[in-house]
């Protein structure tokens, strides 16, 4: 009887060959082939366990969907009101931003009422204990496992049957079925699947931490993000300000952000960010500075847009932006040049958000436009004034959502004047604390704004 031969599998893309070769013909990786026995290959291809039998939709009962909360209100906010049982959460951030600190705090808080297993492949148990002492954290129901072996992790989850499992980080987990190199895309995919599978068998929820690349995306295959229920990015705004932002959430909104301040005692939630990103000055604003209000989930708060234009040193002008899409800056500059005749094509443009908060919504278009015009002409904008509106390619000022919420935040932040689209004039006029100037287009807007100042 012929003996079953082993095959060689690429640890990067899972491509198989009957014999070892130096370079994978599928993904072009060098020295990535490892020998896989027939039993291992069958396990890799078939998955773990049998599929559950299908049921009629009308026969499926929906549970209460209870959520587990912590005293970190900003963390619960990003999750959608708390942790959904038996869910998987992936948290990505740059090295050193505070992912391990956040996870240790969360583990301790969940451990007050539930059993928690904290798995670390980067630090020893002594190092974790030293950080816990520094943060003043106790671990009544918190177990620490310092290993990168998938076999040991699975065995410990099955033995302890914890309510919460934290894996810090998923790049360090090594499973033999996916090769011998930890951190490879194939390893991350297999590790995520296997941890979720064994955790599901004991009805546990799982947190994974992961590093991000220079491009700002979670390292490893995008399939790892599809395998979890929630994907959260941990970003640094100011020196000690940290921002949690969900980009995927099957059980809640992705509009909410969580704000924390890094301190000696760990991450402290910031529940009232009304003026957190607003820089107050004595006297008038410098040229190129404009203020607006952004909405993140259920909250609105003020931010400052800063712009600078200088003559291009080469025949090709460039746009540099921090926390705002540079293509959006170029589009608004093109509208200004077309509608007002102010030349930006010969200028290098620099735009940033004070405080480092990432801004995506188009309600800040008008603030960006007037900041660019102010920087180009050297004329400062009026103080205590907010600019709200989307700028179309035709130069129109378009209405924006959540005006009442922005108006309330403007009043709390001390603004005295608001410039907004004319269609919103009726809504904004309801406030007697803030003077409203309705706008139709960018040409009229510039005239009103700068004439009002003078």
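Structural remarks
- Cα gyration tensor category, rounded, prolate or oblate, for the stretch 70-269 with a/c compared to 1.5: rounded
- Placing pseudo-labels 7 Å out from each Cα toward the beta carbon at residue 159 and residue 23 gives an inter-label distance of 4.6 nm.
- Over the residues of the chain, the helix contribution to mean residue ellipticity at 222 nm works out to -8500 deg cm²/dmol, using -39500 (n - 2.57) for each DSSP H run of at least 4.
- Cα long-axis angle, helix 99-110 against the chain (0 to 90 degrees, to the nearest 10): 70 degrees
- For the chain, taking the reciprocal of the average inverse distance between every pair of different Cα atoms yields a Kirkwood hydrodynamic radius of 25.1 Å.
- Beta-bridge orientation, the chain: approximately 50 percent antiparallel, per DSSP, counting only bridges with both partners inside.
- Theoretical gain in end-to-end length, residue 197 to residue 343 [0.36 nm per residue, Cα-Cα removed]: 46.7 nm
- Neighbour counts of C-beta atoms inside 10 Å place 325, 59, 177 in the sequence 59, 325, 177, starting with the fewest.
- Neighbour-count order for 149, 374, fewest beta carbons within 10 angstrom listed first: 149, 374
- Residues 289, 27, ranked from the fewest to the most other C-beta atoms within 10 Å, line up as 27, 289.
- Computed E for residue 263/residue 379 - FRET, C-beta separation, R0 45 angstrom, nearest 0.05: 0.65
- Note on residue 146/residue 55: beta-carbon distance plugged into 1/(1 + (r/R0)^6) with R0 of 41 Å gives a FRET efficiency of 0.50.
- In whole angstrom, the stretch 247-331 maps to an equivalent ellipsoid with semi-axes of 30, 20, 14, each derived as √(5λ) from the alpha carbon gyration tensor and ordered largest first.
Any read-out appearing in this document is the output of simple, stated calculations on the displayed coordinates, not a laboratory observation. All of these numbers come straight from a predicted model, not from anything done at the bench. Quick reminder, even Gly has a Cβ in these numbers, built from the backbone with ideal geometry, and neighbours come from all protein chains shown.
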